[in-house]
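Taking it in order: structure first as structure tokens, then the write-up.
The values are calculated or read from the model by the stated rules, or taken from the named source; none is laboratory data. None of the values given here were measured: they were computed from a predicted structure. When we count neighbours, we look across all protein chains shown, and the Cβ atoms used for this are built from the backbone with ideal geometry, even at glycine. Side chains included, ligands, DNA and RNA excluded: accessible areas come from the protein's heavy atoms. Shrake-Rupley method; radii C 1.70, N 1.55, O 1.52, S 1.80 Å.
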Amino acid sequence: YRSAILRVQATQGSNYHTSTFVVIHDNTTTYDTEFATVRSGSSLFSITSDISGNNVRIRTTAGNASTTYKFSIEYVEA
């Protein structure tokens, strides 16, 4: 796959955070953007991408250890 669109939803207690993340790569570097972010309180995560070996990785950093995630991914072939 060359690109992907992710929809990420995070929950921590009664706080909610959702965002759309788009990533594309050229086999060496990833290029990404995050948009359509909606939160009911403070930010629950940050999101980045990179390449490790032959894999594109999507990495989130939670603001709290009890944050849970749900996500959907749509891939687009090269």
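Modelled spin-label separation between ALA62 and THR20, with each label point placed 7 Å from Cα along the Cα-to-Cβ direction: 2.6 nm. For the range 12-72, the solvent-accessible area with a 1.4 angstrom probe is 65 square angstrom per residue.
Under a 5 Å amide H cut-off, with hydrogens placed 1.01 Å from N, SER3 pairs with VAL76 among residues at least 5 apart or on other chains. If the chain linking ASN27 and ILE51 were pulled fully straight, counting 0.36 nm for each residue of separation and taking away their Cα-Cα distance, it would gain 7.9 nm. Packing-based ranking of 21-31, 67-77 yields 21-31, 67-77, ordered from highest to lowest mean Cβ neighbour count within 10 Å. Rg and Dmax of the chain, based on Cα coordinates, read 13.1, 40 Å. In this structure, the amide hydrogen of ILE51, modeled 1.01 Å from its nitrogen in the peptide plane, lies closer than 5 angstrom to those of THR30, ARG57, counting only residues at least 5 positions away or on a different chain.
Projected label points at ARG39 and SER72, each 7 Å from Cα along the beta carbon direction, are separated by 2.4 nanometres.
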